[in-house]
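Enquirer: First the structure, then my questions, so here it is.
The values are calculated or read from the model by the stated rules, or taken from the named source; none is laboratory data. Computed from a predicted structure; not experimentally measured. All Cβ positions, glycine included, derive from the backbone under ideal geometry; neighbour counts span all protein chains shown. Surface accessibility is based on the protein's heavy atoms, side chains included, excluding ligands, DNA and RNA. Shrake-Rupley method; radii C 1.70, N 1.55, O 1.52, S 1.80 Å.
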Amino acid sequence: MNGEVECSVCHAKVPVPAAVSKAYDSHRSTVSSRQRALNVLLVSGDCVLAGLQPILVYMSKVDGKFKFSPISVNFLTEITKIIFAIIMLSIQARRLKVGDKPLLTVSTFMQAARNNVLLAVPAFLYAINNYLKFIMQLYFNPASVKMLSNLKVLVIAVLLKIIMRRRFSTIQWEALALLLIGISVNQLKSLPEGSSALGLPVAAGAYIYTLFFVTVPALASVYNEKALKSQFDTSIYLQNLFLYGYGAIFNFLGLVITAIIQGPSSFNILEGHSKATMFLICNNAAQGILSSFFFKYADTILKKYSSTIATIFTGVASAVLFGHTLTINFVLGISIVIISMHQYLSNQIKDEVPSSKVEMAQVHDHSRVTESICVNVTDSVANEAKHRHGSDERQPLLPV
């Protein structure tokens, strides 16, 4: 819950953000150069993987349709991620120091499974979202799909404020609104004509899918971040094992339901796959693994803005490979999105420093000198906390 700390100089109350977990708060109190390097590494990797995903989905189509079951791709992706999690968990277990809690015992596994049962929620939502990714490709070209996915940022911000009580400044909300404007500029006259879906005109069908395409993964991302950070002491590879295990179960159930509806022949998981789908499975697995590090060690907003950067890669690649035209709408839309991202992240960096100066001025209307003293006091407390927790400069970027 949100709390307040009283300033010893002017007795003004400084609001303290809601705690996710004690372990995560301890991790967040030390922002080192290695943490910033990890953020850069995560963003760079996500830009490439997220940019390739719609390209590979588009390459997997034959005559505008999929010859394979999209659910089978998602199922094989979850199996790939499970194998990776098991391998990394085994490596991590071998590197434990004397006195560390064992990772591969039955008691540890069962306790972690009970503590991380919330991961079943994002796993179910991801199973739905991964299917929607294929459906969206039937209505939009790859660049448009990537731009539409960026609508999730605003929905995620609202959910973070409601579910995790995350605080955003006015400038950050304005930056998110600017993001919507950029996406809208790009999407003008982008819907194909002469098609239909679910018996509805193509525009209505496409917009219904878009609504789910935006809200479902937004919910999944926020609940995933909440689940991972609420059990911050648990190994991320063990948490991923649970998340991917739930995902495999939900996708397998999807395959069973499809087989019941369409007949047993549709249960062939490998039917209709090509080299493009194999690359797609590997890319989706890598992107899912990378996302878990975003949610646990960074945050969901940074993840979605990095996906926004990937839009440029997707647009250029689809133009080179498939001859899609980069319209003036796309160029203007991307420009607005980049400005929005810079505005949001620049303000976020400033906002990470205690923002009590602005809030105390609004509530107590003190003089500038008193405000300065209050800020210095809160900064001193923050520095003392950082010194107490120690530096993580010698820690590796990723857990091994």
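Enquirer: Set the Förster radius R0 to 22 Å, insert the Cβ-Cβ distance between L321 and L270 as r into 1/(1 + (r/R0)^6), and round the FRET efficiency to 0.05.
Expert: The computed FRET efficiency comes out at 0.30.
Enquirer: Using 0.36 nm per residue, how much length does the chain from L211 to I162 gain when fully extended, once their Cα-Cα distance is taken away?
Expert: Once the chain is fully extended between L211 and I162, it gains 15.7 nm.
Enquirer: Could you let me know the centre-to-centre spacing of segment 298-343 and segment 164-180, using Cα atoms, in angstrom?
Expert: 19 Å
Enquirer: Convex hull volume of the Cα atoms in segment 209-270, per residue, in Å³? Kindly include the intermediate steps, with their values, before the conclusion.
Expert: Values: hull volume 6.5 nm³, N = 62.
Measuring per residue, one finds 104 Å³ for the Cα hull of segment 209-270.
Enquirer: Just the Kirkwood number for segment 77-135, please: inverse of mean 1/r across all distinct Cα pairs, in Å, one decimal. It would help to have the intermediate numbers written out before the result.
Expert: Details: mean 1/r = 0.0727 Å⁻¹.
After inverting the pairwise mean of 1/r, the radius is 13.8 Å.
Enquirer: Still on this structure, please answer the following. Among R167, R114, R36, R94, what's the order by accessible area (1.4 angstrom probe), most exposed first? Before the final figure, lay out the partial values.
Expert: Details: R167 105, R114 155, R36 130, R94 205 Å².
Heavy-atom accessible area, descending, gives R94, R114, R36, R167.
Enquirer: Rounded if a/c is under 1.5, else prolate if a/b beats b/c, else oblate: with a ≥ b ≥ c from the C-alpha gyration tensor eigenvalues square-rooted, which is segment 255-296? Write out the running numbers ahead of the final one.
Expert: Values: a/c = 6.06, a/b = 1.87, b/c = 3.24.
In terms of gyration-tensor shape, oblate.
Enquirer: Rank these by accessible area, largest first, 1.4 Å probe: K152, K275. Could you put the intermediate results ahead of the total?
Expert: Values: K152 15, K275 165 Å².
Highest to lowest solvent-accessible surface, that is K275, K152.
Enquirer: Same structure, new question: Kindly flag which residue pairs out of K133/K275; K61/K81; K226/K275; K229/K275; K61/K304 have an alpha-carbon separation exceeding 28 Å in this structure. Could the numbers behind the result be given before it?
Expert: On the way: K133/K275 19 Å; K61/K81 24 Å; K226/K275 36 Å; K229/K275 37 Å; K61/K304 26 Å.
Beyond 28 Å between Cα atoms: K226/K275; K229/K275.
Enquirer: Roughly how many Å² of C282 are accessible to a 1.4 Å probe, to the nearest 10?
Expert: The value for C282 is about 80 Å².
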